1. Which one is surrounded by the fewest Cβ atoms within 10 Å (Cβ to Cβ) among residues in the stretch 209-238 that are in contact (Cβ under 8 Å) with a residue 40 or more places away in the chain and in a helix (DSSP H, G or I)?
2. Suppose the filter is crowded, with 16+ Cβ neighbours inside 10 Å, closer than 21 Å to N238 by Cβ, among the β-branched types (V, I, T) and in contact with an Asp or Glu (Cβ under 7 Å, 6 or more places away or on another chain); does V112 pass it?
3. Would you please name the residue that is surrounded by the fewest Cβ atoms within 10 Å (Cβ to Cβ), looking only at residues in the stretch 115-147 that are in contact with an Asp or Glu (Cβ under 8 Å, 6 or more places away or on another chain) and of a type in the set (A, V, I, L, M, F, W, C)?
4. Using the structure shown, decide if T269 is among the β-branched types (V, I, T), modelled with pLDDT of 90 or more and within 22 Å of A194 (Cα to Cα).
5. Of the conditions (1) without any contact (Cβ under 8 Å) to a residue 60 or more places away in the chain; (2) out of contact with any Ser or Thr (no Cβ under 6 Å at 6 or more places or on another chain), A194 clears all except one; give me its number.
6. Within the stretch 264-275, which residues are out of contact with any helix residue (DSSP H, G or I) (no Cβ under 8 Å at 6 or more places or on another chain) and within 24 Å of F212 (Cβ to Cβ)?
7. Could you say which residue among G110, G174 is closer than 21 Å to A208 by Cβ and either touching a residue at least 40 places away in the same chain (Cβ under 8 Å) or outside any loop (DSSP other than H, G, I, E, B) (or both)?
8. Looking at the stretch 249-266 only, could you name the residues that are among the small types (G, A, S) and either touching a residue at least 40 places away in the same chain (Cβ under 8 Å) or in a loop (DSSP other than H, G, I, E, B) (or both)?
Amino acid sequence: MAKHRKLRNTRIGPLATAAVAVGISAPLAVGHAVDASAEPRDLVIGVGGALNPTSDRVRDKFRGELVADLEAAGYTFEGVQYSAWPLPIDPSVAEGVPKLHTAIDGADGGRVVVIGYSEGALVAEQVRRDLSPATGGPARDDLQFVLIASPFVPNGGIYARFPGLRLPGFTSTGPTQPSEYDTTYYSREYDLVADFPAYGNPLSLANAVVGFLYFHGDHGVDPVDLETQPTSVREVVNGKGGKDVYILIRAEHLPLLQPLRDISALTGTTVFTEPVLGAVEPALRVLVDMGYTDRDYRTIGVDEAADYQDADRPTRFSPVIPAERVRQTAEALPAAIRDGLENLVDAVTPKPAKPTPKTTKPEEDEDEDEALTSRLEDDSEADPEESDASDASDDSADAPTDDDSTDAPSEASDTAAAA
């Protein structure tokens, strides 16, 4: 197998948030607006991205398993409907926030898990900042958030890279803020929105743009399997006592090379191009990772749990790559080049031919062979006296009889007379 990155799967639980959610049981804080006559409901509330204003595709995240596990634990899924695209981001979020507040109140004292994706994470983050048990929000153990592809990840989110940036219809509100409510952040490595480069490395920036195209959309079922996908995890307790879990879903291949792989697959030339891509990718990945602060080359193949350990540290974008980062990259390149050469040699080395599998005769031939063997065995076991009698009988049958001897001269006489 080609060497691209040696990773240990450091995922937490089958589905981290779902596992925690089913254990929520504390009562609501006094002051939360609850209809005392209504039955409490456990809700999983989805807030979709810009191209999913009905939020129904939140159910498809992580192969549909995240929501399915919560539903199996007794939760009911509801999607927040708000105007997303083509509205600019700020007015769209402003419309979604009160609707999410209403949806949370609709639990009537039950447990709530809010899942926000992309632009939906902006809506969820604002509500997360608004609510507190002390000001009438749900009890700490009755509400938690799951933010997928969030721009608020302190070290990687695009809002955290450019805090305060203002464009028409868009205002960056900086990194995530401490909250009493537990929050899990899922980010795909090299996604422009949630894993933006920290430095102005052209390779890193180009790779992130392509990563946005490949990793950020949600038009179909999300193929990410949290049970098997390599991840890096950082878990912290924030300044308000809430637990924040940052999960980076690692990429097997660089997005930058994926268009070439796609073209090769369409043209049937993968067998020729993959050896070359496999040779180039390890070194190219090291150069791409030079644009990040949280890719520790020293941990690769040693202790991946130590990687991604400053995910909670707010880090702004810098156009200049620090000299120390350049030095670390230079030190990591020789090993990456060796991995690439090993990939190339492995790809072009002929594999040993597989032994020819033994073939079996058709069933009817086997039956005939068994019958013949059985007859031969019967003959060999027959009574010798019976065999002698049978042979004598056969000999007497072949010898000429008296009638045959008498008829022979008569036939000869008749022939002579006729002549």
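The values are calculated or read from the model by the stated rules, or taken from the named source; none is laboratory data. Remember, predicted model here, so these are calculated numbers, not experimental data. In this analysis, Cβ positions are derived from the backbone assuming ideal geometry, glycine residues included, and neighbour counts consider all displayed protein chains.
1. Result: L213.
2. Taking the combined requirement at face value, the residue satisfies it.
3. This residue is F145.
4. Criteria not met by T269.
5. (2)
6. A265, L266
7. It is G174.
8. Correct list: A251 only.
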